[in-house]
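The values are calculated or read from the model by the stated rules, or taken from the named source; none is laboratory data. These numbers were taken from a predicted model, which means no experiment stands behind them. Neighbour counts run over all protein chains shown; Cβ positions are idealised from the backbone, glycine included. In case anyone asks, the SASA skips ligands and DNA or RNA and just uses the protein heavy atoms, side chains included. Shrake-Rupley method; radii C 1.70, N 1.55, O 1.52, S 1.80 Å.
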Amino acid sequence: MTQNSHVSGSYWLQTAPGPDRPALTDDLTVDVAVIGAGVAGLSTAWELTRAGKSVAVLEADRVAAGVTGHTTAKVTALHTLVYDKLRRTRGPEGARLYARSQSEAIERAAWIADELGVDCDWERRSAYTYVRDAGRVEELRAEARAAHEAGLPASFVTETGLPFPVAGAVKVTGQAQFHPRKYLLALADDLLARGGQVYEHTTVVGLEEGEPCRLTTDTGVTVTARDVVVATHYPVFDRALLFARLSPRRELVVAGTIAAGRDPDGMYITPDEGTRSVRTAPHGEDRLLVVTGEHFTPGTGNTRARFQHLSDWAAEHFPDVTLTHAWATQDNDPTDTVPLVGPFHPGAHHTYVATGFGGWGMSGGMMAGRLLTAQITGGTCEWSELYDPRRLRSAVREAPSFLKTQAEVARHFVGDRLRPAPPVESLPPGEGAVVRVGGERLAVYRDEAGQPHAVSARCTHMGCLVAFNAAERAWECPCHGSRFDTDGKVVQGPAVRPLEQRDI
Ligand code: FES
């Protein structure tokens with residue numbers, strides 16, 4: 001398969017489309033409103049419902065169709081290379097708490113799948129972080145030691161199931177992989193059966209904090225709730241300016257059929273080669289090979305070429321694969337490695353956030369569900385402090401990546417305005433570009449019929465200029481990762497308002 005036009009879409013979405021859920025049309029009062037129906041939002045809502053709270057989930061798009069519907073769906077506590085760093089930055093106890101919290105989340109998901117009788121292709125596998133460069137072996141040995149000391153069943157190995165040699169790998173046994181939508185759609189069904197509420201196509205545009213809190217939707221409906229959880233991947237209503245501590249990263253995925261006998265029997269990731277991640281999933285008599293990689297800042301570079309590069313890598317290393325699917329996902333990397341889960345800001349009493357899971361949102365989102373439920377119901381959780389978004393003590397450690405993140409934003413905010421703009425007439429069908437018309441920068445897409453679609457190129461979040469992703473036919477903001485369709489509708493936040501329409 002080549003990727004010369006656009007992506008085919010997520011395998012998880014195509015094989016588990018799920019039912020349509022209604023939009024919220026009437027005012028509502030609940031104990032807890034959860035904004036966002038991805039893994040973090042649904043896990044939180046489900047746990048809260050089990051704890052006896054009345055809960056409404058408000059999703060701007062569809063349930064588990066955003067980042068969660070495009071993940072690789074590894075459920076593991078091995079997060080590439082995190083434990084050696086955590087041991088140094090948060091101490092041995094911090095590393096232990098991180099390992100325990102993530103491992104507990106995996107076991108909780110296994111229990112839920114079993115309890116609800118969900119057929120979500122749950123499979124236990126070992127997770128590996130490998131390198132092929134002998135120069136990085138010591139780094140891997142240190143990570144294996146740190147992960148083991150943190151309490152994971154981790155070891156350093158040189159043999160894996162991959163069809164090529166590695167210089168070394170960290171192996172953690174007893175991890176898991178699954179079909180994320182089969183699991184989360186079942187969670188949503190159970191939530192509804194227990195009296196919870198789930199609304200799709202319901203965009204929250206206003207949050208008034210207080211006792212109670214009030215949310216307003218883009219159609220003017222009000223939701224009154226004692227507590228509010230913002231689980232929108234990149235937080236909307238960023239009262240604590242968390243965007244300054246998060247870097248958006250887009251990542252590509254290709255998938256296709258391999259013979260069951262060629263299954264590498266594990267979940268793999270390497271930090272080298274622009275990141276490469278490999279897992280498989282049940283696929284009839286065969287297996288589905290899922291390869292992820294080519295990470296980049298949204299709105300930068302040639303995404304078609306990157307898809308081709310990733311497809312070529314998959315075909316070179318798994319020669320009998322027949323690629324059938326291609327899609328992309330987006331992660332937010334926190335500046336100090338640890339996700340931000342807990343009270344929204346220093347003055348928050350009833351608002352909470354879950355964000356910054358890096359590429360590890362499955363275990364991280366499940367962990368967030370348990371953590372936030374404990375906080376909202378007045379319980380205790382050992383790892384509250386580790387994930388507290390209000391943490392200040394890491395400010396010095398975060399400074400280099402914080403400054404780098406802000407320098408990148410400033411570079412895009414100013415530099416992108418200085419770039420020469422092509423004339424509209426030069427745009428071929430299926431392409432988009434930021435052009436200058438009458439002194440304004442417009443984002444213009446020419447559809448396959450030759451019709452131009454024009455919107456303001458100014459991102460409605462904080463005003464950076466968007467850029468066109470030709471492979472996915474979307475406008476992307478390089479500053480904090482907002483994404484819009486070719487008519488300006490928000491596909492992914494933190495922006496909540498569409499790009500303004502323009503005549504051309
Ligand atoms: Fe923040 Fe666009 S996402 S300015």
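Some notes on this structure:
- Cα gyration tensor category, rounded, prolate or oblate, for the stretch 196-262 with a/c compared to 1.5: prolate
- Judged by the gyration tensor of its Cα atoms, with axes a ≥ b ≥ c, the chain is rounded; a/c sits under the 1.5 cut.
- Rounded if a/c under 1.5, otherwise prolate or oblate - the stretch 93-158, Cα gyration tensor axes: oblate
- Accessible surface ranking that places the most exposed of Asp336, Asp218, Asp485 first, with a 1.4 angstrom probe: Asp218, Asp485, Asp336
- Count Lys and Arg as plus one, Asp and Glu as minus one, and take only other residues whose Cβ is under 10 Å from that of Ser126; the net charge is then +2.
- Reachable lysines from Lys489, criterion Cα separation under 29 angstrom, eight or more residues apart if same chain: Lys182
- Scaled against the 2.2 N^0.38 Å expected of a compact globular protein of N residues, the Cα radius of gyration of the stretch 169-221 reads 1.82.
- Surface listing: Lys489, Lys171, Lys85 arranged by accessible area from highest to lowest gives Lys489, Lys85, Lys171, probe 1.4 Å.
- The accessible surface of the chain, taken with every protein chain in place and a 1.4 Å probe, is 51 percent carbon and sulfur.
- Accessible area of the chain divided out per residue, in Å², using a probe of 1.4 angstrom: 38 Å²
- Computed helical MRE - 222 nm, the chain, DSSP H runs ≥ 4 contributing -39500 (n - 2.57), nearest 500: -8000 deg cm²/dmol
- Taking the centroid of alpha carbons for each part, the stretch 306-361 and the stretch 211-281 are 6 Å apart.
- Working note: Karplus 6.51/-1.76/1.60 with θ = phi - 60° gives the stretch 221-227 the couplings 7, 10, 10, 9, 8, 5, 10 Hz, where Gly and Pro are set to x.
- Estimated FRET transfer efficiency when R0 is 45 angstrom, pair Arg141-Ser8 (beta carbons, to 0.05): 0.65
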